[in-house]
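S.K.: Quick one: structure below, then a few questions.
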Amino acid sequence: DRIPAKGFAVFSADDTFHPHEFTRHAIGANDILIETMYAGICHSDLHAAWDEHKAHGISGIYPMIPGHEIAGRVVKVGKNVTKFKVGDYAGVGCMVNSCGHCTFCDMDKEQFCENGTTFTYNSIDRYHENEPAMGGYSNNMVVNERFAIRIPETADMKRVAPLLCAGVTIWSPIHFSKVGKGDKVGVAGFGGLGHMAVQYLVNLGADVTVFDITEEKRADAARMGASRYVNVNNEAEMKGLNNAFDFIISTIPAQYNPLMYARMLKYGKGEMAIVGLPETATINVADLAMGGAANRKVYGSLIGGIKETQEMMDYFVAHDIYPEVEVISANAAEIDKAYRNVQDGKVKFRYVIDMNTLK
Ligand code: NDP
Ligand code: ZN
């Protein structure tokens, strides 16, 4: 039997949120039913709801219920489920299914599944008769246990949800680039993802410089352990930074020039991971060769696989590394307001919707 569900949807790219009732696919033998407790608001949710990825071949599927930072409690399990029992905490991140047997699934990189990853929303679920997937701003989730993350009983549930996307998105490239103690690192864009990156890099013993466009967050960066804060609009602060960093992660969601950061990498050694997904920012390839950034490595990174998401979850909870959250109640006007504030840079540092208040 299909599972009744309700949440908040936009019906077009220029819509505001509305309460929306729908159904989810029945609980299969390997599925669990999660009652949502908290759902984070990621800047990717804004890009998706507002259909800002058309240039990258992704069009919005409406009605759309965003949300891929989901924390809740297991209320039912299918008959073959071994990873969870009723009552356990469980989380869902950016994806809910993949083929399980291709090159990338075998590498635990299900986000690149050759036969098609089903993302948590704004995605056609080819494993369930091509129904559109519906995300976490809703009262429940039905998901294959392989795609559910165990959340330790000791976790702070109010703050844990954003780890499912923001947490693993910064964890994955930090490991890919083998960042370690004493490395000189930069975090460009000090928002939801950026403040998780700062905390984890400080925890690893790296020397962290934060780049953002506001004065409002200077004290927060110092409080989280960054050694330096650079307002990129302040020319004096931008001096002497070239050729200085082992690693830079860019979480910037808006127009910028990535080569400005590539130049700051150490010659022959530095690596830059791009995770921010602006609609239009581009790298001029000739400038990459001629503009002072030659022989630095620049790469993109997309969330992380399920295995590394679990490793991140266990490590962050054990080390008390959490986002700073503003909890809002589950109603359409509150979500609309949160979206405006994320867009305008007025959130410190992540909105989390308390889905318990959806009645
Ligand atoms: P936030 O809006 O929370 O944070 C973005 C931060 O970047 C803000 O602090 C913002 O400043 C700052 N910023 C904006 N423009 C500039 C600029 N030109 N230079 C420096 N800083 C700037 O967003 P999130 O952290 O939630 O997401 C960031 C990006 O990462 C989004 O594009 C999102 O889609 C993407 N993302 C990518 C994933 C992946 O797998 N690759 C996964 C998840 C998210 P201010 O606050 O002052 O506006
Ligand atoms: Zn996200």
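S.K.: For region 1-147, what does the alpha-carbon gyration tensor say about shape, rounded, prolate or oblate, given a ≥ b ≥ c as the root eigenvalues, a/c under 1.5 as rounded, and a/b over b/c as prolate?
M.R.: Note, shape of region 1-147 comes out oblate.
S.K.: How big is the dipole moment of region 261-359 about its Cα centre under a simple scheme where the beta carbon of each Lys and Arg is +1, that of each Asp and Glu is -1, and everything else is neutral? Debye, nearest 20, please.
M.R.: 420
S.K.: Could you sort 280, 36 by their accessible area in this structure, using a 1.4 Å probe and putting the largest first?
M.R.: 280, 36
S.K.: A further question follows. Under 29 Å Cα-Cα from residue 76, which lysines qualify once same-chain neighbours fewer than 8 residues away are excluded?
M.R.: 6, 85, 109, 158, 307, 359
S.K.: Calculate one ³J(HN,Hα) per residue across region 347-358 by plugging θ = phi - 60° into the Karplus curve 6.51 cos²θ - 1.76 cosθ + 1.60, and present them in order as whole Hz with x for glycine and proline.
M.R.: Values, residue by residue: 10, 10, 10, 8, 7, 10, 8, 7, 6, 4, 8, 7 Hz.
S.K.: Return the whole-Å distance between the Cα centroid of region 328-342 and the Cα centroid of region 111-145.
M.R.: 24
S.K.: For region 73-217, what's the relative contact order in percent, using C-alpha pairs closer than 8 Å and at least 6 residues apart?
M.R.: In percent, rounded to a whole number, it is 17.
S.K.: Looking only at 240, 345, 300, which one moves most when the chain is put into a Gaussian network model with springs between Cα atoms under 10 Å?
M.R.: 240
S.K.: Amide H of residue 351 versus every other amide H placed in the peptide plane: which residues, excluding those fewer than 5 positions away on the same chain, fall under 5 Å?
M.R.: 41, 326
S.K.: May I pose another question? Over region 175-289, what percent of the accessible surface lies on carbon and sulfur atoms, probe 1.4 Å?
M.R.: Looking at region 175-289 in its full context, I get 53 percent from C and S.
S.K.: Let me ask something else. Which one of 253, 162, 323 has the biggest mean-square fluctuation once the chain is modelled by GNM with Cα springs under 10 Å?
M.R.: Ranking 253, 162, 323 by mean-square fluctuation puts 253 first.
S.K.: Out of 113, 165, 94, any idea which swings most in a Gaussian network model of the chain, alpha carbons joined below 10 Å?
M.R.: Maximum fluctuation in the GNM of the chain, among the listed residues, is at 113.
S.K.: Another one. So which lysines pass the test for residue 269, namely a Cα distance under 24 Å, with those fewer than 8 places away in the same chain ruled out?
M.R.: Cross-link targets: 178, 181, 184, 239, 297.
S.K.: Please report, in cubic angstrom per residue, the volume enclosed by the convex hull of the alpha-carbon atoms of the chain.
M.R.: It is 132 Å³ per residue.
S.K.: So, one more: Which value, in Å² rounded to 10, gives the accessible area of residue 271 with a 1.4 Å probe and all protein chains present?
M.R.: Approximately 40 Å² of residue 271 is accessible to the 1.4 Å probe.
S.K.: Another question, then. Loop-only GluC sites (Glu not before Pro) in region 78-184, please: DSSP not H, G, I, E or B, and at most 13 other Cβ atoms within 10 Å.
M.R.: Taking region 78-184 and a limit of 13 other Cβ atoms within 10 Å, the loop GluC sites (Glu not before Pro) found are 114, 129, 153.
S.K.: At 222 nm, what value in deg cm²/dmol follows for the chain if DSSP H runs of at least 4 each add -39500 (n - 2.57) and the sum is divided by all its residues, to the nearest 500?
M.R.: Calculated from helices alone, the mean residue ellipticity at 222 nm is -6000 deg cm²/dmol.
S.K.: Okay, next question. Would you kindly find the accessible area of residue 266, with a 1.4 Å probe and non-protein molecules such as ligands, DNA and RNA excluded, rounding to the nearest 10 Å²?
M.R.: 60
S.K.: Now for a different question. Using a 1.4 Å probe on the protein heavy atoms only, what accessible surface does residue 86 show? Give it in Å² to the nearest 10.
M.R.: 90
The values are calculated or read from the model by the stated rules, or taken from the named source; none is laboratory data. All of these numbers come straight from a predicted model, not from anything done at the bench. No Cβ is skipped: glycine too gets one built from the backbone with ideal geometry, and neighbour counts run over all protein chains shown. We work out accessible area using only protein heavy atoms, side chains counted, and drop any ligands, DNA or RNA first. Shrake-Rupley method; radii C 1.70, N 1.55, O 1.52, S 1.80 Å.
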